[in-house]
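Right, one structure below, let's go through it.
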Amino acid sequence: QVNLVESGGGLVQAGGSLRLSCAPSGTTLSINTMAWYRQPPGKQRELVASITRGGRTNYADSVKGRFTISRDNAKNSVYLQMNSLKPEDTAVYYCNIKTAFSYWGQGTQVTVSS
């Protein structure tokens with residue numbers, strides 16, 4: 001059983017910043033791709049950003065230039081720096097890691113007020 005511990009969500013005004021963190025608890029894994037997804041109210045879960053073990057990144061068009069994904073392979077951690085936040089960024093954000101299997105975090109709420 002792999003538990004992903006997420007932190008960093010919260011309430012912020014439009015234009016503000018937040019930094020999300022995620023790491024597996026209690027185990028050492030050989031992780032390939034790490035990613036952040038989000039699920040806005042009443043909508044489907046969508047990919048926000050991903051990063052390979054080698055550092056190649058991919059972003060949703062809606063967050064390009066505002067969000068930055070990074071990872072620390074020594075700590076098996078992934079981060080999402082979110083700047084210039086907009087009300088439409090409001091969602092539950094989920095961490096995802098892929099080894100031979102895919103694991104999900106419990107989600108952390110990000111709310112951006114206008």
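Some observations on this one:
- Potential lengthening between Asn3 and Asp72 on full extension [0.36 nm per residue; Cα-Cα distance subtracted]: 23.1 nm
- Normalised by residue count, segment 26-114 yields a Cα convex hull volume of 104 Å³ per residue.
- Distance histogram for segment 1-78 (every C-alpha pair counted, 5 angstrom bins, percent rounded to whole numbers): 3, 13, 22, 25, 21, 10, 5, 1
- Treating r as the C-beta distance of Asp61 and Leu11 and R0 as 25 Å, the FRET efficiency rounds to 0.50.
- For Val110, neighbours were defined as the other residues whose beta-carbon sits under 12 Å from its Cβ, and their charges (Lys and Arg +1, Asp and Glu -1) total 0.
- Near-label residues of segment 36-52 by backbone N, under 11 Å of a point 7 Å along Cα→Cβ of Ser21: none
- Max mean-square fluctuation residue, GNM over the chain, Cα-Cα springs under 10 Å, options Ser25, Ser50, Ser77: Ser25
- On the chain, 46 percent of the accessible area sits on carbon and sulfur atoms, based on a 1.4 Å probe.
- Ranked by how many other beta carbons lie within 10 Å on average, peptides 60-71, 37-48, 87-98 from highest: 87-98, 60-71, 37-48
- In the elastic network of the chain, a GNM with C-alpha springs shorter than 10 Å, the most mobile of Leu20, Leu29, Leu85 is Leu29.
- Distance from the alpha carbon centroid of segment 70-114 to that of segment 11-67 works out to 4 angstrom.
- Accessible surface, the chain, averaged per residue in Å² (probe 1.4 Å): 53 Å²
- Dipole magnitude of the chain about its Cα centre (Cβ charges: Lys, Arg +1; Asp, Glu -1), debye to nearest 20: 220 debye
The values are calculated or read from the model by the stated rules, or taken from the named source; none is laboratory data. Everything numeric in this text was worked out from a predicted model, so none of it was measured. Here the Cβ is made from the backbone with ideal geometry for all residues, glycine too, and neighbour counts use every protein chain on show. These accessible areas exclude ligands, DNA and RNA; they are computed on the full protein's heavy atoms, side chains included. Shrake-Rupley method; radii C 1.70, N 1.55, O 1.52, S 1.80 Å.
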